[in-house]
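So the structure is just underneath, and the comments pick up after that.
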Amino acid sequence: MPAGGGMLLPLLLIVVISVADVLAGPETFLAPMMVMAPALASVSTNWRRTLLVGVVGLVLQLAIMPFDAPQGPETATLRWGELVAYVTVALFSTYIARRHERDRRVFAAVRSVAEAAQQAVLRSPGPSVGDVRLAVRYASAADAAQIGGDLYEVLETPHGVRALVGDVRGKGLDAVQTAAVTLLIERI
């Protein structure tokens, strides 16, 4: 997670918009731009911090309202609309951040299971098989490609040492399962 837990940019955005709104004078209405802050927080931090960014933005919007356009029924309707829109976006952003967190946890759990399954398939052979001395180093082509159908096996048979190196087409648990079945057949 970025420094400040991903909150620095959204909070800075709120402060800059608030200061610009006040400095621009009562005829310039910049506060509605604050709606960007909770949306930005939803992709850069967790749901609690996203909610906090939303609350800070709402408080600052309420604080700068007296510095904006003259009071009147039309202005009041406009301001209530702005606040309702802001709260709606802030709550929706919080919901998105919460779903994003949950999806990351689920992905991490699935990835952990798949990596364990692949490690079971990619057993390191001993330092030698028959007359052949071995050294094995497995390196995936890319970090994201660590879950797949790579396979290798070295066996001593009545006809000599046999080596199998392969890669099942595809990635994920299906590829790991196919690699495991291939190695099982090889061992028979």
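Numbers at a glance
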| read-out | value |
| --- | --- |
| Contact order relative to length of the chain, as percent, for alpha carbon pairs under 8 angstrom and 6 or more apart | 16 |
| Tensor-based shape of the chain (alpha-carbon gyration tensor, a/c under 1.5 rounded, otherwise prolate or oblate) | prolate |
| For the chain, size of Cβ-based charge dipole, Lys and Arg +1, Asp and Glu -1, in debye | 540 |
| Solvent-accessible surface (1.4 angstrom probe) belonging to D131, in square angstrom, nearest 10 | 150 |
| Kyte-Doolittle mean at least -0.5 and Cα axial length at least 18 Å: DSSP H helices in the chain | 8-24, 47-64, 73-121, 173-187 |
| Extreme residue, positive dipole direction of the chain, given options L62, P73, L9 (C-beta unit charges) | L9 |
| Where W47, W80 fall by accessible area, highest first, once all protein chains stay in place (1.4 Å) | W80, W47 |
| Between segment 76-111 and segment 2-45, the Cα center-to-center distance that results, in Å | 16 |
| Amide hydrogen neighbours beyond the local backbone of L134, cut-off 5 Å, H modeled | S128, V129 |
| Solvent-accessible area of T75 with every protein chain in place, 1.4 Å probe, in Å² to the nearest 10 | 30 |
| Within-14-Å neighbourhood charge of W80 [Cβ basis; K, R +1; D, E -1] | -2 |
| Exposure of E156 as accessible area (Å², to 10), given a probe of 1.4 Å and all protein chains | 130 |
| Whether segment 1-101 is rounded, prolate or oblate, judged on the alpha carbon gyration tensor where a/c under 1.5 counts as rounded | oblate |
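The values are calculated or read from the model by the stated rules, or taken from the named source; none is laboratory data. In this text the structure is predicted, and so the values were computed from the model without any measurement. All Cβ positions, even for glycine, are placed from backbone atoms using ideal geometry, and neighbour counts span all protein chains on display. The accessibility values were calculated without ligands, DNA or RNA, using every heavy atom of the protein model including side chains. Shrake-Rupley method; radii C 1.70, N 1.55, O 1.52, S 1.80 Å.
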